[in-house]
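Visitor: Before we start, here is the structure in question, set down as structure tokens.
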Amino acid sequence: MPAPETALPADDTDTNADADADADGDGDGVITLYMLWHDPAAAPADPLDLHLDFGGDAHPLAEGLWLVRSGLTRSKLYHRIKWQLPDGTALACAPLEDTPEGWPKFKGMAPGALAWLRGGPDGG
């Protein structure tokens, strides 16, 4: 089942409440699988910090496209990635059901992606 935070926001603007809620650095304690995409042409010179310090893990699918397991909520992960990218960069962060039925279908992506998914949040 997708993460409980699946309701669409009214718009894409940041609020002080979003920043304050994110400032505590706490994840919600639940590891969720996300598909994360950003415009690869706007990627910073340094690798993105995918905030895997909350028991998470990540695997690239393609340039700018990642599968991420994170203890952060969707909003927190989205904003932490957004803040690392140049203003106006296209970005998407979507929760996925972390079961074989909920995994994305893909072909021609980075090696090891399916094995990474099968490894699960606890490594297997």
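Visitor: Could the peptides 91-98, 71-78, 105-112 be put in order, highest first, of the mean number of other beta-carbon atoms found within 10 Å of their residues?
Guide: 71-78, 91-98, 105-112
Visitor: For ALA110 and LEU48, what does the FRET efficiency come to when R0 = 22 Å and r is the distance between their Cβ atoms, rounded to the nearest 0.05?
Guide: Once rounded, the FRET efficiency stands at 0.90.
Visitor: Local charge sum around HIS38 (other residues, Cβ-Cβ under 11 Å, Lys/Arg +1, Asp/Glu -1)?
Guide: Every neighbour counted, the sum reads -1.
Visitor: Could you work out how far apart the two model spin labels at TRP83 and TRP37 are, taking each label as a point 7 Å from the Cα in the direction of the beta carbon, and quote it in nm?
Guide: 2.5
Visitor: Want the number for GLU97 to GLU63: 0.36 nm per residue separation, take away the alpha-carbon distance, what's left?
Guide: Contour length minus Cα-Cα distance gives 10.0 nm.
Visitor: Over the range 33-114, what is the mean sequence separation of C-alpha contacts under 8 Å (at least six apart), divided by residue count, expressed as relative contact order in percent?
Guide: Working: 120 pairs, mean separation 32.6, N = 82.
Relative contact order for the range 33-114 comes out at 40 percent.
A short reminder: the numbers here are calculations on the coordinates, not readings from a lab. Being a predicted model, the structure only gives us computed values, none of them experimental. Note that each Cβ is placed from the backbone with ideal geometry, even for glycine, and that neighbours are counted across all protein chains shown.
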